[in-house]
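Read-outs: derived from the displayed coordinates by stated rules, not from any lab. Keep in mind the model is a prediction, meaning the values are calculated, not measured. FYI the Cβ positions are ideal-geometry reconstructions off the backbone, even for glycines, and counts take in every protein chain you see.
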Amino acid sequence: MEPIHLTAGSEDGGVRLDSFLAARLPDLTRSAAVRLIETGQVTVNGRPASKSCRLSGGENISAVLPDPEPIEALPQDIPLDVVYEDADVIVVNKPSGLVVHPAPGHPDGTLVNALLYHCGDSLSGVGGALRPGIVHRIDRDTSGLIIAAKNDAAHLALSAQLQDHTLARTYEAVVAGNLREETGTVDAPIGRHHTDRKKMAVTDRGGKSAVTHWEVLERFPGLTHVRCRLETGRTHQIRVHMAYIGHPIYGDTVYGAQKPVPGLTGQCLHAVGLRFVHPRTGETMELSCPLDREFAAVLEKLRRML
């Protein structure tokens, strides 16, 4: 594969090389970055460097990624709600309950299996054998827009946009309680929960910067309909942030009330908008989709009660 060229910014001063690569290339784990460095596949200003090399800012870094692994996930004829598709990208409105990629406990029946059936061999391999084409993820019980890449060039370009925030995602949610203000921002680092490793939490112990902007759309007795815009994209970010300020997502049994909401299979959280720069044309693409059927039914019921 052709080398990938990156430039360290001033904000990267003091960052270890392996951490820098893992942060800039989201589908590359830190351990994989270490292996690339140790095998001489990474250079800094044209020279090999150690994994413990700390950047000053301004360095030119080149990395040769391994060839993609053979695709192991199998195609399955699962219906897809395709919002946009061309030779480089496909954007799908994912239903609540659909897992994005195979994982322990979910070996098939995922969005990846559906994409393999729909796209055939036209998916990038950067994500590896079980995540072909996947640039970012949405929780199983969250619905809405997700973009996948059909070739490696598109995948790398979109991954870079995730890092510099030109790939923007907007969500709508129903949260518990009555938010006092009309708009607000939650700026709080997110990392693994210190006792429950399956959960995320606001934490200063190894947490990564996370920023969520929110605004009120509608108010109901005991609940609020909000729009959220991600400035960063941490795991479970909106769910963790809204719970942190005392307004967990309605139907979220992990970070909110433990009892499920009758008639709601997931949580009222929907990725309603997606903006990105097309990796081939350079055109700014803005896409949207209607709310999930169950989410919309919750809103209609709340409106009738006013």
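Mind running the shape call on the range 172-236? Use the C-alpha gyration tensor, a ≥ b ≥ c as the square roots of the eigenvalues: rounded below 1.5 for a/c, prolate if a/b tops b/c, oblate otherwise.
Judged from the Cα gyration tensor, the range 172-236 comes out prolate (a/c at least 1.5, a/b above b/c).
Can you work out the Karplus-derived ³J(HN,Hα) for every residue in the range 266-275? Use 6.51 cos²θ - 1.76 cosθ + 1.60 with θ = phi - 60°, whole Hz, and x for glycine or proline.
Per residue, the Karplus-derived 3J(HN,Hα) values read x, 10, 7, 9, 9, 7, 8, x, 9, 10 Hz.
Which of the three applies to the range 98-202, rounded, prolate or oblate, going by the alpha-carbon gyration tensor with a ≥ b ≥ c and a/c under 1.5 meaning rounded?
The shape class here is prolate.
Going by the alpha-carbon gyration tensor, a ≥ b ≥ c the square roots of its eigenvalues, is the chain rounded (a/c under 1.5) or, if a/c is not under 1.5, prolate (a/b greater than b/c) versus oblate?
prolate
What residues from the range 271-287 fall in the zone where the backbone N is under 17 Å from a label point 7 Å along the Cα-to-C-beta line of ALA296?
Zone members listed by number: 271-273.
For the chain, what is the mean residue ellipticity at 222 nm derived from helices alone (per DSSP H run of n ≥ 4: -39500 (n - 2.57); sum divided by total residues; nearest 500 deg cm²/dmol)?
About -5500 deg cm²/dmol.
For LYS198, give me every one of the lysines with a C-alpha distance below 29 angstrom, ignoring sequence neighbours fewer than eight places off in its own chain.
LYS51, LYS94, LYS208, LYS259
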